[in-house]
Amino acid sequence: MVKIMDKVKTISYRKDIDGLRAVAVLAVILFHMGYLPNGYLGVDIFFAISGFLITKIVYNEALQNRFSIINFYLRRTRRIIPLVLFTSLIALLIGFLVMLPDDFENLSQSVFATNFFANNILQLITTADYWDIVNEFKPLMHTWSLGVEEQFYLLYPIIFLLFNGKRSRYILPLLIVLTGASLLLYFSAASEAAKFYSIQFRFFELAFGGLGAIIFKDKLINARYSIILIFIILAILVVNLHLPDSLKLLLTVIASVGLLISGQNNHKLSAILLENKLAVGIGKISFSLYMWHQIVLAYTRYFITDQIGVIASIIIFVIILLLSIFSYYTIEQPFRDKKRISTKMLLSVSGILFVIICSASLYFYYVGGVIRDVPELELRKSDNKVNFGNGKRNIHIEYNAKIYDLDKKFTDSGTIKVLVIGNSFARDFANILLESKFSKGIEISYVYDIRKCNDINERLSEAKFVFFSELEMKDLEEYTHKYRIDTTKAWNVGTKNFGSNNGIFYNKRGDDNYCSQRTRMLQGTIEKNDSLKHQWGAKYIDLIGAMIDKDGKVPVFSSDCKFMSQDCRHLTHAGAVYFAQKLDLSQIFNFQQIIGTR
């Protein structure tokens, strides 16, 4: 995370703040390793620290009528840009070597967005759910917080530019109003994803630190309270308190600001916890630790092992630590020192790297991440050249998405009418039907959302078979009541899963058993399948039952060594063909009857 430690007369170095940074960064790392469920709140500690320190600098400058927005952005550039560019370049280079096309396409997007401090916006648009397991395999997933912080830095100094010198008395009331507005937005937001990723909902966290720096500029609170505040923070991070997430976040921010305004004369026990050499040392390299940790963790999970135990965690942490020490002394420190690297050199090196990295990531995005032949996905690099920005992207979803073309009324053909209703899993089953021996005797009509289909009653009435996907029986009863569905026509297609990521399998190319690899499904998949199967009985199409072995594993590849699923959720063409051959669809369709309709 961004570490602000400007060597100006207005701020004296405080060991306890580096100690607090250490608590924050270790909490985040442990969270991403899977050991500290509330460790993600370490980011909120960082926000409070950043708001406090940056305000302490710029407010003093505003009071003295010497605030310069150019100098402000130059300081931010020195402290942030070089390390961000370097780590995103390393992430891109490793991804080039080990990633499958879709993952590499997503990484290229993230590199581009990270370098523009907009990865929070990208993730809000694409992933939305921060806790989705797919994020574990994204090397730059964590830079969403950098986006929030830098967007704050983009807007925040304008306040001090407009209210400089004599007008500085307006800064505090304006900041109070903006903080209150952000806090109100946060607690009234309907979208959890927007609340998590967007600056307007996060502004108050950094602003609280700023308010603390201004209000307690000359008078700090009694230091004896610092130990209580530390224990509050540690309790929230470590103990599974039954509190709403929003309240835990607010308490973390308030306690962090309380520590910051208690000054450097902390309680003796507080000093032992926050000002010891180890804590201070970790705090000094906290920005590097933050930038490296997810890159190392994501790639470990992607091509080494997806099971990170205690021993592996220790080894990974040592690697993160060594990389962080290296980048702190070779990148962070030199670029922060004007005597070692001039402003001209800073801007030249950063500008060249920025153009190279962004151009490369943009190219990789436009070719859909296909930078080599991937026969396992039936992809060839030569088939996907960039043509003035018309490169083929999102290749992996084309096969599934083509089912949208079937969203239309049935024709007057003599084929058997089949209605498929539901999300992308329903579209997977439509592809299974199209790859089956019954395909020429049936006509498929597809509906994504039964509630938004204007002619749904007509299609239901004409259909001989109606297939839902992962539908709970109670939802069928609701639909039956509302749309008068003939339940004798209704079937439910089961769930499926092929692990968490294909990278771990893809990077075993050359192994003798490469094409015969099998995987366990994500936790909860079998339980969900069993529940639906119990509810639907004979009207349930059990996809998992058609492929699972006695060890509870499912195939990664089809018999001709093609990935069953590109993203471990949805079927490739090979996956659809596999199920078309494996499933006993004759239990549903009368083959002779269908032959007769041709």
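The values are calculated or read from the model by the stated rules, or taken from the named source; none is laboratory data. Keep in mind that what you see is a predicted model, and the values were worked out from it rather than measured. Positions of Cβ are generated from backbone atoms using ideal geometry, with glycine treated the same way; all protein chains shown enter the neighbour counts. These accessible areas exclude ligands, DNA and RNA; they are computed on the full protein's heavy atoms, side chains included. Shrake-Rupley method; radii C 1.70, N 1.55, O 1.52, S 1.80 Å.
Number of Lys pairs in segment 390-465 with C-alpha atoms less than 27 angstrom apart, excluding same-chain neighbours closer than eight positions?
24
Roughly how many Å² of Ser350 are accessible to a 1.4 Å probe, to the nearest 10?
About 10 Å², rounded to the nearest 10.
Run the quick spin-label model on Tyr13 and Ala181: label points 7 Å from Cα toward the beta carbon, then report their separation in nm to one decimal.
3.9 nm
Anything over 31 Å Cα to Cα? Flag those among Lys138/Lys195; Lys138/Lys277; Lys248/Lys533, in the order listed.
On the way: Lys138/Lys195 21 Å; Lys138/Lys277 33 Å; Lys248/Lys533 39 Å.
Among Lys138/Lys195; Lys138/Lys277; Lys248/Lys533, the Cα-Cα distance tops 31 Å for Lys138/Lys277; Lys248/Lys533.
What value, in deg cm²/dmol to 500, does the helix sum -39500 (n - 2.57) over DSSP H runs of n ≥ 4 give at 222 nm once divided by the residues of the chain?
Details: 25 runs with 332 residues, N = 598.
Taking each H run of at least 4 residues, the total per residue is -17500 deg cm²/dmol.
Take the Cβ-Cβ distance between Ser516 and Asn423 as r, set R0 to 35 Å, and report the resulting FRET efficiency rounded to the nearest 0.05.
0.70
Any chance you could look up the accessible area of Leu377 with a 1.4 Å probe, heavy atoms only, rounded to 10 Å²?
Counting only protein heavy atoms, the figure is 30 Å².
Largest first and to the nearest Å, give the Cα extent of segment 318-363 along each principal axis.
Here the Cα extents, ordered largest to smallest, are 34, 30, 8 Å.
Pairs of alpha-carbon atoms within less than 8 angstrom and 6+ residues apart define the contacts here; what relative contact order does segment 179-336 have, in percent?
Numbers: 101 pairs, mean separation 30.3, N = 158.
Relative contact order, segment 179-336: 19 percent.
Consider a paramagnetic label point 7 Å from the Cα of Asn65 along Cα→Cβ; state which residues of segment 155-172 have an amide N under 18 Å from it.
Label zone hits: 160-171.
Any idea what % of Cα-Cα pairs in segment 189-299 are farther than 19 Å? Display every interim value, and only then the final one.
Details: 3691 of 6105 pairs.
Roughly 60 percent, rounded to a whole number.
Can you bin every Cα-Cα distance in segment 98-235 into 5 Å intervals starting at zero and give me the percent of pairs per bin, rounded to whole numbers?
2, 9, 14, 16, 15, 15, 12, 9, 5, 2, 1, 0
What ranking of Phe438, Phe203 comes out by heavy-atom accessible area, probe 1.4 Å, highest first?
On the way: Phe438 5, Phe203 30 Å².
My answer, sorted largest first, is Phe203, Phe438.
Ranked highest first by average number of other Cβ atoms within 10 Å, how do 557-565, 535-543, 242-250, 254-262 line up?
Details: 557-565: 18.6, 535-543: 16.9, 242-250: 13.9, 254-262: 24.0.
Highest-to-lowest ranking by the protection proxy: 254-262, 557-565, 535-543, 242-250.
Under unit Cβ charges (Lys, Arg +1; Asp, Glu -1), what dipole magnitude, rounded to 20 debye, does segment 443-598 have relative to its Cα centre? All intermediate terms of the calculation are to be shown ahead of the outcome.
Values: 22 positive and 21 negative charges, 34 e Å.
Rounded to the nearest 20 debye, it is 160 debye.
By DSSP, what percent of the beta bridges with both residues in the chain are antiparallel, rounded to the nearest 5? Spell out each step's value before the answer.
Values: 6 of 21 bridges.
Expressed as a percentage, antiparallel bridges in the chain total about 30.
In µm²/s, what is D for segment 330-473 at 10 °C and 1.306 mPa s, where D = kT/(6 pi eta Rh) by Stokes-Einstein and Rh is the Kirkwood radius from Cα pairs?
Taking Rh from Cα pairs, D becomes 81 µm²/s.
Output the Cα-based Rg and Dmax of the chain in Å, rounding Rg to one decimal and Dmax to a whole number.
Values for the chain (Cα only, Rg and Dmax): 28.1, 91 Å.
Roughly speaking, what is the stretch gain from Asp383 to Ser191, that is 0.36 nm per residue apart minus the C-alpha to C-alpha distance, in nm to one decimal?
Details: separation 192, 0.36 × 192 = 69.12 nm, distance 3.99 nm.
Fully extending the segment from Asp383 to Ser191 adds 65.1 nm.
For segment 299-453, what % of the accessible area comes from carbon and sulfur atoms, probe 1.4 Å?
Of all accessible area on segment 299-453, carbon and sulfur atoms account for 59 percent.
So, by mean Cβ neighbours within 10 angstrom, what's the order for 459-467, 62-70, 108-116 with the highest one leading? Please list the in-between numbers first.
Details: 459-467: 19.9, 62-70: 14.6, 108-116: 23.4.
Per-residue Cβ counts within 10 Å, averaged per peptide and sorted highest first, yield 108-116, 459-467, 62-70.
For Val239 and Lys268, FRET efficiency with R0 = 35 Å and r from the beta-carbon atoms, rounded to 0.05?
Numbers: r = 24 Å, r/R0 = 0.69.
Efficiency for this residue pair is about 0.90.
In square nanometres and to one decimal, what's the mean projected area of the convex hull around the Cα atoms of segment 424-504?
Values: hull surface 27.7 nm².
One quarter of the hull surface, i.e. the mean projection, equals 6.9 nm².
Can you report the principal axis dimensions of segment 466-518 using only the alpha carbons, biggest first, rounded to whole angstrom?
Principal extents (Cα only, largest first): 55, 18, 12 Å.
Cross-link candidates for Lys508: which aspartates and glutamates have Cα within less than 15 Å, leaving aside residues fewer than 8 places away along the same chain?
Straight-distance partners of Lys508: Asp306, Glu376.
Just the accessible area per residue of the chain, please: how many Å² with a 1.4 Å probe? Display every interim value, and only then the final one.
Details: 26870 Å² over 598 residues.
About 45 Å² of surface per residue is accessible.
When all protein chains stay in place, what accessible area (Å², nearest 10, 1.4 Å probe) is found for Lys533?
Near enough 100 Å² of accessible area.
Quote the relative contact order of segment 135-272 in percent (integer), defining contacts as alpha-carbon pairs under 8 Å separated by 6+ residues.
Details: 100 pairs, mean separation 32.2, N = 138.
Result for segment 135-272 is 23 percent.
Which aspartates and glutamates, if any, have their Cα less than 18 Å from the Cα of Lys381, not counting same-chain residues under 8 positions apart?
Lys381 reaches Asp102, Asp103, Glu105, Asp373, Glu398.
If you place +1 on the Cβ of every Lys and Arg, -1 on the Cβ of every Asp and Glu, and leave all else neutral, what size is the dipole of the chain about its Cα centre, to the nearest 20 Debye? Working shown, then result.
On the way: 66 positive and 52 negative charges, 494 e Å.
Value, rounded to 20: 2380 debye.
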